[in-house]
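Asks: Below is one structure. I have some questions about it.
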Amino acid sequence: MTTEIFDVAVIGAGPGGYVAAIRCAQLGLNAVCIDEWKNGKGKPSLGGTCLNVGCIPSKALLESSENFHHIQHNASAHGISAEKVSVDVPVMIARKDKIVTTFTMGIASLFKKNKVKSMHGRGTLLKREGEESAWRIKVTHDEQSEIIQAKHVIVATGSTPRPLPFVAIDNDRVLDNAGALALTEVPKRLGVIGAGVIGLEMGSVWRRLGAEVTILEAMPDFLMAADEQIAKEAKSVFTKETGLQINTGIKINSIKLSGQTVIVDYNNSNNEPQILEVDKLIVSVGRVPNTQGLGIEDNELLVDERGFIMVDQFCRTNLKNVYAVGDVVRGPMLAHKASEEGVAVAERIENIEKGYSSEGEAIDFNVIPWVIYTSPEIAWVGKNEQELKAAGIAYKVGQFPFIANGRARAMGETSGFIKVLADEKSDRVLGVHMIGPHVSELISEAVMAMKFSASSQDIACIVHAHPSLSEVFHEAALGVDKRALHI
Ligand SMILES: Cc1cc2nc3c(=O)[nH]c(=O)nc-3n(C[C@H](O)[C@H](O)[C@H](O)COP(=O)(O)OP(=O)(O)OC[C@H]3O[C@@H](n4cnc5c(N)ncnc54)[C@H](O)[C@@H]3O)c2cc1C
């Protein structure tokens, strides 16, 4: 055991952990970050799920496949002819891998720059004996281990794909998100179990590249987390324009491998037996918190009935000076939520170490944006109509379609709309829901408006550049008081 006692040990170097470690170091705290991730070549790779097999690689492939789709289907409308357009999947995958490596290595550089000590291996919280002043963490790597000490611990161990009881993931024919991001050719027939964010994004990538894609979803309705009107529009566009086959309300009976195919036996929403035969099957039925080997039992670290580490609004666990952030705790499984919690915890630890009395700020989940990077993209922040109705809150609606926007027309991307929901009396914005081109970028303005408690009138007063997609948000805000100008 080394005699050095770190101020903070962070376990996990995903967007929750690496951001927390960097913020700790910026605040003058002596921080170590322990991470066990190894990439496909067996080399340590920082950045967790997000950088290695999540946000970044999926967006790289979405961009590539979107370009292919545009050239194939939309270029001719611009008078551009492109003959014999083909796709070289290994090149596309290699581009994605290069982006991932650049970013994961970038984190190693950021650690170096900020003097965060980086350790590769599994971190296990050892049982605390009596009134020890620091936590002891065993770092195990290739059967060798070392024990380090830290006054504060931030657990940021993330999540892993939820398995299906029917079939094992082999990343050959039955794929999780890592396998779905590494296919070397376009499957002719692709099945996707689960119409959540990951299933839709992965299904979109391979659909745009030419696969016949069938999505099977157990929930009775499509995209139940989204505003109902947005979900309805999305299903219609995905089915009619994108060509995704989406079946909701299904029940799987069995999944079997047969020769080179995967056979899914399921009942449809009318309880009729169906067979889906595909070449590859992506399983994306949610993610489970990653607490294996962390030492939770020895320390009686409390987890909820679904296995998430229990924390309060400041990400404090039941153990003194132990915090948990990101996918391993309650709340949306989103990279920016994990990072925000990491920063908040780092600042809280600084307050404690420097003897300040401030409690710090709790994260406001109501202003965390959600984005689905399909085509068209979907994004929202705040409450949706069904939530407001259920809560009995009276609200006004302003809505504006992309088809009436000059920039969207020029781009040839006219599907979708933006909807602003504002409190009937105070006019304060309660939620903004978007489906359309580049709404992953447009949502930030809505987040800012809500963070600063803006009213729809406040947004209506802001001058938006013309012609720009942001005018759709402006017009939707004007529409709350029936003042939209171009419809
Ligand atoms: C395909 C896909 C696409 C996604 N796209 C988006 C997106 O566009 N936007 C978005 O916001 N979110 C997206 N997400 C979700 C996002 O990746 C997660 O919310 C985010 O990575 C969570 O960050 P985290 O730091 O909590 O955990 P993770 O990123 O999972 O990192 C946890 C790290 O801890 C390590 N670890 C675990 N246990 C130990 C241990 N005991 N000792 C040492 N190390 C350990 C793991 O190996 C890992 O490196 C996507 C996810 C997937 C799968």
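Asks: How many of the residues in the range 111-156 are among the hydroxyl-bearing types (Ser, Thr, Tyr) and either touching a Lys or Arg at 6+ places or on another chain (Cβ under 6 Å) or outside the structural domain of GLU347 (by TED's automatic domain parsing) (or both)?
Replies: Qualifying residue count, the range 111-156: 3.
Asks: Can you pull out every residue in the range 197-214 that is buried (at least 20 other Cβ atoms within 10 Å of the Cβ) and out of contact with any strand residue (DSSP E or B) (no Cβ under 9 Å at 6 or more places or on another chain)?
Replies: VAL205, ARG208, LEU209
Asks: Still on this structure, I have one more. Select, from VAL439, VAL420, VAL397, the only residue that is closer than 20 Å to HIS486 by Cα and touching a Leu at 6+ places or on another chain (Cβ under 7 Å). Write out each step before concluding.
Replies: Working: VAL439 fails: touching a Leu at 6+ places or on another chain (Cβ under 7 Å); VAL420 fails: touching a Leu at 6+ places or on another chain (Cβ under 7 Å).
That would be VAL397, the only listed residue that is closer than 20 Å to HIS486 by Cα and touching a Leu at 6+ places or on another chain (Cβ under 7 Å).
Asks: Would you call ILE393 of a type in the set (A, V, I, L, M) and either assigned to a loop (DSSP other than H, G, I, E, B) or away from the ligand (no atom under 16 Å from the Cβ) (or both)?
Replies: Details: of a type in the set (A, V, I, L, M): yes; either assigned to a loop (DSSP other than H, G, I, E, B) or away from the ligand (no atom under 16 Å from the Cβ) (or both): yes.
It is true that ILE393 is of a type in the set (A, V, I, L, M) and either assigned to a loop (DSSP other than H, G, I, E, B) or away from the ligand (no atom under 16 Å from the Cβ) (or both).
Asks: With respect to the numbered conditions (1) away from the ligand (no atom under 16 Å from the Cβ); (2) over 27 Å from the mean Cα position of the chain (by Cα); (3) not in a loop (DSSP other than H, G, I, E, B), which one is the sole condition not fulfilled by ILE252?
Replies: Tallying (1) away from the ligand (no atom under 16 Å from the Cβ); (2) over 27 Å from the mean Cα position of the chain (by Cα); (3) not in a loop (DSSP other than H, G, I, E, B), ILE252 fails exactly one: (2).
Asks: Taking the condition free of Cβ contacts under 8 Å to residues at least 40 places away in the same chain, more than 21 Å from the chain's Cα centre (by Cα) and not assigned by TED's automatic domain parsing to the domain that holds GLU201, does SER470 pass? First the steps, then the outcome.
Replies: Working: free of Cβ contacts under 8 Å to residues at least 40 places away in the same chain: yes; more than 21 Å from the chain's Cα centre (by Cα): yes; not assigned by TED's automatic domain parsing to the domain that holds GLU201: yes.
In short, yes.
Asks: For the range 309-354, how many residues are within 21 Å of TRP135 (Cα to Cα) and not in a helix (DSSP H, G or I)?
Replies: Qualifying residue count, the range 309-354: 18.
Asks: Residues being of a type in the set (Phe, Trp, Tyr) and away from the ligand (no atom under 16 Å from the Cβ): count how many of those fall in the range 337-374. Break it down stepwise before answering.
Replies: To start, the set of residues in the range 337-374 that are of a type in the set (Phe, Trp, Tyr) comprises 356, 365, 370, 373.
Going one step further and asking which of them are away from the ligand (no atom under 16 Å from the Cβ), we end up with 356.
Count: 1.
Asks: Hey, another quick one. Going through the range 8-47 one residue at a time, which ones are under 19 Å from the mean Cα position of the chain (by Cα) and either part of a helix (DSSP H, G or I) or outside the structural domain of VAL155 (by TED's automatic domain parsing) (or both)?
Replies: Hits for the range 8-47 are GLY17, TYR18, VAL19, ALA20.
Asks: If I filter the range 102-142 down to residues being modelled with pLDDT of 95 or more, polar (S, T, N, Q) and surrounded by fewer than 17 Cβ atoms within 10 Å (Cβ to Cβ), which single residue comes out as nearest to ASN30 (Cα to Cα)?
Replies: ASN114
Asks: Could you identify the single residue in ILE418, ILE435, ILE459 that is surrounded by 21 or more Cβ atoms within 10 Å (Cβ to Cβ), assigned to a helix (DSSP H, G or I) and among the β-branched types (Val, Ile, Thr)? Even if it seems obvious, please write down each step before you answer.
Replies: Working: ILE418 fails: assigned to a helix (DSSP H, G or I); ILE435 fails: assigned to a helix (DSSP H, G or I).
On inspection, the qualifying residue turns out to be ILE459.
Asks: Another question, then. Name the pairs: first residue in the range 30-58 and small (Gly, Ala, Ser), second residue more than 6 Å from the ligand (Cβ to nearest atom) and not in a helix (DSSP H, G or I), Cβ to Cβ under 6 Å, at least 6 apart or on different chains?
Replies: As it stands, the answer is ALA31/VAL8; ALA31/VAL116; SER45/ASN39, since those pairs meet every condition given.
The values are calculated or read from the model by the stated rules, or taken from the named source; none is laboratory data. As the structure is a computational prediction, the values presented were derived from the model and not from experiment. With ideal geometry, Cβ positions are generated from the backbone for all residues, glycine too; neighbour counts draw on all protein chains shown.
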